[in-house]
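Accompanying notes for the structure given below.
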Amino acid sequence: MLRFVAPLLIAALALAGCTEWVQRGISPQQRDRELAACKADGFRKVPVAEVVVTNASYYEFSREVCHTQKNRKTGEKYKRCDYTPGYWTPPTESVVDANSDARDAMEDDCMYRRGYIKK
């Protein structure tokens, strides 16, 4: 299942950064000024709120995967096993901006109100 979902997720993330605000008759410089004004307004109304997120520790159990192979020279079948030992992963911490989604929504709303569309 994961091997089918992973390529779609990668493609979606790659395309997510490819949008651009456009409006007929507006130069790129004017668009950039208005986008900067909307971003500044977003930061003024919804400031950065750094939050520490802790991911729990966990133990990855050992695994043994066995499969049958055929000897090329003799044609005999034999069993081959690959062993991966278990390991402990300690907790990790990261800092995220809890307001980034709200600020992005405000920036989008500001640009839409100014007559821009995303392409």
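The values are calculated or read from the model by the stated rules, or taken from the named source; none is laboratory data. Just so we're clear, the structure is a prediction, and the values are computed from it rather than from any experiment. When we count neighbours, we look across all protein chains shown, and the Cβ atoms used for this are built from the backbone with ideal geometry, even at glycine.
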Unique residue being surrounded by 10 or more Cβ atoms within 10 Å (Cβ to Cβ), in contact (Cβ under 8 Å) with a residue 12 or more places away in the chain and in a strand (DSSP E or B) when the list is Val96, Val48: Val96
Quick one: which residue in Thr68, Thr89 is touching a Lys or Arg at 6+ places or on another chain (Cβ under 8 Å) and over 30 Å from Arg113 (Cβ atoms)? Thr68
What single numbered condition from (1) farther than 26 Å from Lys118 by Cβ; (2) within 27 Å of the chain's Cα centre (by Cα); (3) modelled with pLDDT under 95; (4) not in a helix (DSSP H, G or I) fails to hold for Gly75? (2)
Would you check which residues across the stretch 51-72 are of a type in the set (Phe, Trp, Tyr) and either assigned to a strand (DSSP E or B) or surrounded by 10 or more Cβ atoms within 10 Å (Cβ to Cβ) (or both) and list them? Tyr58, Tyr59
Mind checking which residues of the stretch 100-119 are surrounded by 12 or more Cβ atoms within 10 Å (Cβ to Cβ) and within 17 Å of the chain's Cα centre (by Cα)? Ser100, Asp104
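Scan Asp108, Asp82 and give me the residue that is closer than 29 Å to Ser27 by Cβ and free of Cβ contacts under 8 Å to residues at least 24 places away in the same chain. Write out each step before concluding.
Values: Asp82 fails: closer than 29 Å to Ser27 by Cβ.
That would be Asp108, the only listed residue that is closer than 29 Å to Ser27 by Cβ and free of Cβ contacts under 8 Å to residues at least 24 places away in the same chain.
Limited to the stretch 51-79, what total is found for residues that are in contact (Cβ under 8 Å) with a residue 12 or more places away in the chain and over 30 Å from Asp104 (Cα atoms)?
Applying the first criterion (in contact (Cβ under 8 Å) with a residue 12 or more places away in the chain) to the stretch 51-79 yields 51-68, 79.
Keeping just the survivors that are over 30 Å from Asp104 (Cα atoms) gives 57-68, 79.
Residues in the stretch 51-79 being in contact (Cβ under 8 Å) with a residue 12 or more places away in the chain and over 30 Å from Asp104 (Cα atoms): 13 in total.
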Just for the stretch 78-93: of the residues that are loosely packed, with under 10 Cβ neighbours inside 10 Å and not charged (D, E, K, R), which one is farthest from the chain's Cα centre (by Cα)? Tyr78
Which listed residue, of Ala37, Ala49, is within 20 Å of Glu20 (Cα to Cα) and modelled with pLDDT of 95 or more: Ala37
